[in-house]
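**Student:** Below: one structure in structure tokens.
The values are calculated or read from the model by the stated rules, or taken from the named source; none is laboratory data. Worth saying up front: this structure is predicted, and the values here are computed from it rather than measured. Positions of Cβ are generated from backbone atoms using ideal geometry, with glycine treated the same way; all protein chains shown enter the neighbour counts. Keep in mind that these areas ignore ligands, DNA and RNA; they rest on the heavy atoms of the full protein, side chains included. Shrake-Rupley method; radii C 1.70, N 1.55, O 1.52, S 1.80 Å.
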Amino acid sequence: MKLSSRVRSLKGSATLAVTARAAALRAEGRDVIGFGAGEPDFDTPDFVKQVASEALAAGLTKYAPTPGTPDLREAIAARMRTRNGIDCRAEHVVVAVGAKHAAFEVMQCLVERGDEVVVVTPAWLSYRPMVELAGGTVVECPAGIDVGFKVTPERLRAAMTDRTTAVILNSPGNPTGVAYSRAEVEALAAVIADHPTATLVSDEIYEDLVYPEVDPAVEAFSPGSMPALAGRTVTLNGLSKSMAMTGWRVGWAVAPGDDGAVAKAMTRLQSQMTSGIPTFIMPAAAAAVRAQHETSPAMREVFAGRARLVAELLGGIDRFRTVAPSGAFYAFPEVGACFGLASPGGRVIDSSAAFAEAVLEEAEVAVVSGEDFGEVARNHIRISFACSDAQIRTGIGRIAEWVASLR
Ligand SMILES: Cc1ncc(COP(=O)(O)O)c(C=O)c1O
């Protein structure tokens, strides 16, 4: 069978591949520490499960409106108004199968063949295929470890052209674990405001996981709340990270500009694609959204402690360069000093992919190679610290010992 050129060159998600490989090794009885998955280790709060069970029992098993029930969209709009300061109504909200699906649809709705989309890198590895599948070209705007993984307004300005259709910002960020301050976001937004044809896509999926304990300046701030950009910002969010609901597949886009033109287009697209998310999940998602401000701070507290622990432990590895995570649950050390060295198992470490493979096979720790996160990320590995302090100590301890044994 002939495959389309679109999918022939499409790579599967490297993070999901590492997670699957770690699971396969565990099934063989190996004691693998998993720093691969971008998934909180907490369980979904019981009250959310309860609402979903009751909805099932009540027979909510038929089709529901494509962009979400009015109640769920109103719950989300209310949160985006009060928590994020975004002037929006329920009809500006589209609920999708995770923020990943929402982001995919946004790209389909905004990007024309030949359009440029500026992606600040290191960036979540799904942005590039989403842009390219929509026919667009990714322009990487490098924000490497030299600038603490934070893009400067000057660099952003240099990356934007007349063909820039969209700019994707993601704070707190995957894979860097870095959050911006409000002033930093405002300065970037001012650059985008100067390009009247560009839309800002602000991916705020980690907004509840910000650690002023690590960097007092960082804050969850939505540029969609700024008058200069309110009509030109699409804000992405969801329940996966902040409510430990990755498997429920609930994310959304909020797009109030042009009387909800993007939200309407997304709804048309989704009506031909997946339709709505499962009907019995909608009331549970609404309950989760309404309780998010009470439930997620406890998880944030735990992650903040882990962020400090990870920074301390990685700081002790001489061959690594690391920025202390101030958001999300990732650290993104630069491991280039290991390249050219040989491992105890006889592997030559010549790339971050080789590093990730060798550390998994020889030290039994799953990390993700930086290669798919952008050119500037090539010499890095991503460590997801969505696991216990004990696993963090053991896993980073194993990495440290293994790195010290490279010759
Ligand atoms: C930056 C970023 N955006 C969006 C998502 C999508 O999350 P979900 O589809 O689970 O809502 C992820 C998940 O890893 C992410 O890291």
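**Student:** Among residues belonging to region 169-199 that are away from the ligand (no atom under 15 Å from the Cβ) and assigned to a strand (DSSP E or B), point out the one that is nearest to Asn237 (Cα to Cα). Walk me through how you get there before you give the answer.
**Tutor:** Pass one, region 169-199, residues away from the ligand (no atom under 15 Å from the Cβ): 181-199.
Pick out the ones that are also assigned to a strand (DSSP E or B) and you get 181, 199.
Working: Ser181: 18, Thr199: 17 Å.
Taking the candidates together, the pick is Thr199.
**Student:** Name the residues in region 45-97 that are within 16 Å of the ligand (Cβ to nearest atom), in the same structural domain as Ser222 (by TED's automatic domain parsing) and closer than 14 Å to Ala288 by Cβ, would you?
**Tutor:** Scanning region 45-97 gives Gly68, Leu72, Ile76, Arg79, Val95.
**Student:** Related question: Please work out which one of (1) without any contact (Cβ under 8 Å) to a residue 40 or more places away in the chain; (2) open to solvent by less than 40 Å² (accessible area, probe 1.4 Å); (3) out of contact with any Asp or Glu (no Cβ under 9 Å at 6 or more places or on another chain) is the condition Leu3 fails and give its number.
**Tutor:** Of the numbered conditions (1) without any contact (Cβ under 8 Å) to a residue 40 or more places away in the chain; (2) open to solvent by less than 40 Å² (accessible area, probe 1.4 Å); (3) out of contact with any Asp or Glu (no Cβ under 9 Å at 6 or more places or on another chain), the odd one out for Leu3 is (2).
**Student:** Quick check: anything in region 3-21 away from the ligand (no atom under 16 Å from the Cβ) and under 21 Å from Phe385 (Cα atoms)?
**Tutor:** Yes, some residue in region 3-21 is away from the ligand (no atom under 16 Å from the Cβ) and under 21 Å from Phe385 (Cα atoms).
**Student:** To continue, here is another question. Take Glu362 and tell me if it is open to solvent by 10 Å² or more (accessible area, probe 1.4 Å), assigned to a helix (DSSP H, G or I) and touching a residue at least 24 places away in the same chain (Cβ under 8 Å). Spell out how you get there, then give the answer.
**Tutor:** Values: open to solvent by 10 Å² or more (accessible area, probe 1.4 Å): yes; assigned to a helix (DSSP H, G or I): yes; touching a residue at least 24 places away in the same chain (Cβ under 8 Å): yes.
Taking the combined requirement at face value, the residue satisfies it.
**Student:** While we're on this one: Please go through region 231-263 and pick out each residue that is assigned to a helix (DSSP H, G or I) and aromatic (Phe, Trp, Tyr). Give the steps one after another, and end with the answer.
**Tutor:** The initial filter retains those residues of region 231-263 that are assigned to a helix (DSSP H, G or I), namely 231-232, 246-248, 257-263.
Within region 231-263, Trp248 is the sole residue that qualifies.
**Student:** I would also like to ask the following. Go through region 287-342 residue by residue and tally those that are assigned to a strand (DSSP E or B), more than 16 Å from the ligand (Cβ to nearest atom) and open to solvent by less than 10 Å² (accessible area, probe 1.4 Å).
**Tutor:** Step one: list which residues in region 287-342 are assigned to a strand (DSSP E or B), which gives 321, 327, 330-331, 334, 341-342.
From the residues that got through so far, the ones that are more than 16 Å from the ligand (Cβ to nearest atom) too are 321, 334, 341-342.
The next check asks that each one be open to solvent by less than 10 Å² (accessible area, probe 1.4 Å); those that pass are none.
So the count comes out to 0.
**Student:** In region 37-62, what residues are β-branched (Val, Ile, Thr) and surrounded by fewer than 16 Cβ atoms within 10 Å (Cβ to Cβ)?
**Tutor:** Hit for region 37-62 is Thr61, nothing else.
**Student:** Please identify the pairs in which a residue from region 234-245 that is among the small types (Gly, Ala, Ser) has its Cβ atom under 8 Å from the Cβ atom of a residue that is within 8 Å of the ligand (Cβ to nearest atom) and not in a loop (DSSP other than H, G, I, E, B), counting only partners at least 6 apart or on another chain.
**Tutor:** That search, which allows pairs on different chains as well, returns Gly238/Gly98; Gly238/Ala99; Gly238/Ala102; Gly238/Gly251; Ser240/Gly98; Ser240/Ala99; Ser240/Thr246; Ser240/Gly251.
**Student:** Check region 246-255 and report whether any residue there is touching a Phe, Trp or Tyr at 6+ places or on another chain (Cβ under 9 Å), in the same structural domain as Glu184 (by TED's automatic domain parsing), open to solvent by less than 20 Å² (accessible area, probe 1.4 Å) and not aromatic (Phe, Trp, Tyr).
**Tutor:** If we filter region 246-255 for residues that are touching a Phe, Trp or Tyr at 6+ places or on another chain (Cβ under 9 Å), which is where we start, we get none.
Looking for residues that are touching a Phe, Trp or Tyr at 6+ places or on another chain (Cβ under 9 Å), in the same structural domain as Glu184 (by TED's automatic domain parsing), open to solvent by less than 20 Å² (accessible area, probe 1.4 Å) and not aromatic (Phe, Trp, Tyr), one finds none in region 246-255, hence no.
**Student:** With the requirement that a residue be at pLDDT 95 or above and open to solvent by 40 Å² or more (accessible area, probe 1.4 Å), what does region 365-381 give you?
**Tutor:** Glu375, Val376, Arg378, Asn379
**Student:** Please state which of the following conditions Ala228 fails to meet, knowing it meets all the rest: (1) within 16 Å of the ligand (Cβ to nearest atom); (2) in a loop (DSSP other than H, G, I, E, B); (3) surrounded by fewer than 24 Cβ atoms within 10 Å (Cβ to Cβ).
**Tutor:** Only one criterion is unmet by Ala228, namely (1).
**Student:** Let me ask something additional. Starting from residues that are under 18 Å from Ala159 (Cα atoms) and modelled with pLDDT of 95 or more, keep the ones in region 85-121 and report whichever is surrounded by the fewest Cβ atoms within 10 Å (Cβ to Cβ). Before you say what the answer is, go through the steps one by one.
**Tutor:** Residues of region 85-121 that are under 18 Å from Ala159 (Cα atoms), as a first pass: 111, 114-121.
Checking which are modelled with pLDDT of 95 or more leaves us with 111, 115-121.
Numbers: Val111: 22, Asp115: 18, Glu116: 21, Val117: 26, Val118: 27, Val119: 24, Val120: 26, Thr121: 24.
It comes out as Asp115.
**Student:** Can we say Arg128 is away from the ligand (no atom under 16 Å from the Cβ) and assigned by TED's automatic domain parsing to the domain that holds Asp259?
**Tutor:** Details: away from the ligand (no atom under 16 Å from the Cβ): no; assigned by TED's automatic domain parsing to the domain that holds Asp259: yes.
So Arg128 does not fit the description; no.
**Student:** Next question. As an exercise: evaluate Ser275 against (1) open to solvent by 10 Å² or more (accessible area, probe 1.4 Å); (2) part of a helix (DSSP H, G or I) and give the number of the one condition it does not meet.
**Tutor:** Condition (2) is where Ser275 drops out.
**Student:** Another one. For region 143-153, check the following and say yes or no: at least one residue is among the hydrophobic types (A, V, I, L, M, F, W, C), more than 13 Å from the ligand (Cβ to nearest atom), closer than 30 Å to Arg290 by Cα and open to solvent by 10 Å² or more (accessible area, probe 1.4 Å).
**Tutor:** Just the residues of region 143-153 that are among the hydrophobic types (A, V, I, L, M, F, W, C), to begin with: 143, 145, 147, 149, 151.
Imposing the further condition that a residue be more than 13 Å from the ligand (Cβ to nearest atom) reduces the set to 143, 145, 147, 149, 151.
Now drop any that are not closer than 30 Å to Arg290 by Cα, which leaves none.
Among the residues of region 143-153, not one is among the hydrophobic types (A, V, I, L, M, F, W, C), more than 13 Å from the ligand (Cβ to nearest atom), closer than 30 Å to Arg290 by Cα and open to solvent by 10 Å² or more (accessible area, probe 1.4 Å), which makes the answer no.
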